[in-house]
Amino acid sequence: MTAESLLVTERDGDILTMVLNRPQSMNALNTELMSAIESWARSMINDPARVVIIRGAGKHFCAGADLKPGDRTKPSLVQGRRDAQLGGRMLRALAEIPQVTIAAVHGAALGGGLCIPTACDFRIAADDALGGYPEVNLGMNLMWHSVGYCLRLVGPAKAKRMIMLGERLDAETLENWGLWDEVVPRADLEQRSLALAQSYAAQPPIAVQMIKETINQGSGALDRAILHMDADQNLLTAGSQDRQRAIAAFLSGDRVDYIGD
Ligand code: COA
């Protein structure tokens, strides 16, 4: 699949919809898809759209980082750090899209698949949405600068619970916790996200985009200072036996007992 076809965009007046289009892999985020999202998000600075809707093709919004083994060549540590920073670059590019962004989420939104909606301005979920951060169960920290996005939506206690326990939480729970702004029947997701997009598109775009930037800069001011190292933490966990055993268990369907090493 080419970089172009990994993302599909549809334009309807002032509203641009971007569809994650790797449905055969549940839109799992491999290097190609993440690079395509980053480049597309950066290109939005030159786009006349006023509102962007992000959704996923197929059964789920996004199953998170691609867990299937890809290229097994071990990169140098210098290259490995840059590779590990790709998700953070992608999420920052999404958060810095000048236009209003709305995630329309159905099915699973797990790990990186939940990080993407949290980097958007608004999140509408279908009643079948299942969200969570399973990274911890794979022996990993939550990276991609996404701890801050989660924390600001649900507060410290719920963020710790979500990120430490790695539970898969239903739509109603995450709406009550403030992660989803709104939950609608699955059949209404497209229409409701379009209606919300139209409301923002009707507002004066200069003022709206400045308000977005001010709120994001203010609320996320500490992110760059604190979260720049989350990719290095991931490289640390990547070398752990717990992570190797957890990923092997995911692929084989076995249980894993973590050993703290
Ligand atoms: N990376 C790579 N492949 C993935 C994937 C991921 N994160 N998540 C799912 N897939 C693959 C499955 O291995 C399966 O592949 P196969 O058809 O070759 O066997 C296919 O997608 C369908 O998955 P399946 O589990 O049968 O679909 P489902 O609808 O029953 O469940 C999920 C979908 C997303 C709930 C489930 O696959 C899942 O929990 N995935 C792991 C999510 C995760 O832990 N992500 C965080 C990574 S940090």
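Between Thr73, Thr101, Thr118, the distinction of being among the polar types (S, T, N, Q), free of Cβ contacts under 8 Å to residues at least 60 places away in the same chain and within 20 Å of Gly148 (Cβ to Cβ) belongs to Thr101 only.
In the stretch 170-191, the residues that are farther than 16 Å from Pro156 by Cα and in contact (Cβ under 8 Å) with a residue 40 or more places away in the chain reach residues that are assigned to a loop (DSSP other than H, G, I, E, B) and among the aromatic types (Phe, Trp, Tyr) with C-beta atoms within less than 8 angstrom, at least six apart or across chains, in these pairs: Ala171/Trp180. Per this entry, Ala125 is not counted among residues that are under 15 Å from the mean Cα position of the chain (by Cα) and either within 9 Å of the ligand (Cβ to nearest atom) or more than 28 Å from Leu16 (Cβ to Cβ) (or both).
Of the residues in the stretch 173-191, none is within 22 Å of Ile226 (Cα to Cα), surrounded by fewer than 13 Cβ atoms within 10 Å (Cβ to Cβ) and out of contact with any Gly (no Cβ under 6 Å at 6 or more places or on another chain). All conditions but one from (1) under 17 Å from Gly111 (Cα atoms); (2) modelled with pLDDT under 95; (3) of a type in the set (Asp, Glu) apply to Asp170; the one that does not is (2).
If you go through the stretch 18-34 and keep only what is more than 14 Å from the chain's Cα centre (by Cα), closer than 23 Å to Val100 by Cα and within 13 Å of the ligand (Cβ to nearest atom), you end up with nothing.
Of the candidates Ile15, Ile45, Ile97, the single residue that is away from the ligand (no atom under 16 Å from the Cβ), over 20 Å from Arg192 (Cβ atoms) and surrounded by fewer than 24 Cβ atoms within 10 Å (Cβ to Cβ) is Ile45.
Step by step: first the residues of the stretch 224-242, then only those that are at pLDDT 90 or above and of a type in the set (D, E, K, R), then the one that is nearest to Leu138 (Cα to Cα). Which residue is that? Step by step, filter the stretch 224-242, then rank; the result is Asp242. If you go through the stretch 133-169 and keep only what is aliphatic (A, V, I, L, M) and part of a helix (DSSP H, G or I), you end up with Val136, Leu138, Val147, Leu151, Leu153, Val154, Ala157, Ala159, Met162, Ile163, Met164, Leu165. For the stretch 48-79, residues that are exposed (fewer than 15 other Cβ atoms within 10 Å of the Cβ) and more than 16 Å from the ligand (Cβ to nearest atom) total 8.
With respect to Arg92, determine if the residue is in a helix (DSSP H, G or I), away from the ligand (no atom under 16 Å from the Cβ) and at pLDDT 95 or above. Steps first, answer last, please.
Values: in a helix (DSSP H, G or I): yes; away from the ligand (no atom under 16 Å from the Cβ): yes; at pLDDT 95 or above: yes.
Judged against the criteria, Arg92 is a match.
The values are calculated or read from the model by the stated rules, or taken from the named source; none is laboratory data. Just so it is clear, the structure is predicted and the values come from calculations on it, not from any experiment. Here the Cβ is made from the backbone with ideal geometry for all residues, glycine too, and neighbour counts use every protein chain on show.
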